[in-house]
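What follows is one structure encoded as structure tokens, with my remarks underneath.
The values are calculated or read from the model by the stated rules, or taken from the named source; none is laboratory data. All values reported here derive from a predicted model rather than from experimental measurement. Here Cβ is always computed from backbone atoms with ideal geometry, including for glycine, and neighbour counts include all displayed protein chains.
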Amino acid sequence: MTSSPGRPPHGQGGKAHIRLQPSAYFETPDGVRVSYENSAGLYEVICADCGDNADIPYEQAPDELRKVRGPYQNENLAMRALEQHMGARFR
Ligand SMILES: [Zn+2]
């Protein structure tokens, strides 16, 4: 079961967190998988309440989850996005 950003059960289990975006695999339109090292220091928001799973590469995540993930240029931006995502309707 999944829920939408800013809606229950957000903020009740602390399931969302930010992390440095790991090295990832990207798939070209030809179906070729290309691995790349993330040296940009991008952060992303992982929200289990939205059905996200840290094991899913960004490229394989549904559009909804990509919007949640970002990625964000630095930790502060990611934290702000996380707060908005979690608390928009609870404050
Ligand atoms: Zn969420």
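For segment 67-85, what are the residues that are over 12 Å from Gln21 (Cα atoms) and not β-branched (Val, Ile, Thr)?
Within segment 67-85, Lys67, Asn76, Leu77, Met79, Arg80, Ala81, Leu82, Glu83, Gln84, His85 qualify.
Give segment 39-55 a look and list any residue that's modelled with pLDDT under 85 and within 16 Å of the ligand (Cβ to nearest atom), or say none. Can you show your working first?
Filtering segment 39-55 for residues modelled with pLDDT under 85 gives 39-41, 54-55.
Scanning segment 39-55 gives a single hit, Ala54.
Go through the residues of segment 26-35 one by one and say whether even a single one is of a type in the set (Lys, Arg), at pLDDT 60 or above and over 14 Å from Leu82 (Cα atoms). Spell out how you get there, then give the answer.
So the first thing to find is which residues in segment 26-35 are of a type in the set (Lys, Arg), and the list is 33.
After this cut, where a residue has to be at pLDDT 60 or above as well, the list is 33.
Still in the list and also over 14 Å from Leu82 (Cα atoms): 33.
Checking segment 26-35: at least one residue is of a type in the set (Lys, Arg), at pLDDT 60 or above and over 14 Å from Leu82 (Cα atoms).
To keep it simple, each residue is scored yes or no on (1) away from the ligand (no atom under 16 Å from the Cβ); (2) modelled with pLDDT under 90.
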| position | (1), (2) |
| --- | --- |
| Glu59 | yes, yes |
| Pro62 | no, no |
| Asn74 | yes, no |
| Leu77 | yes, no |
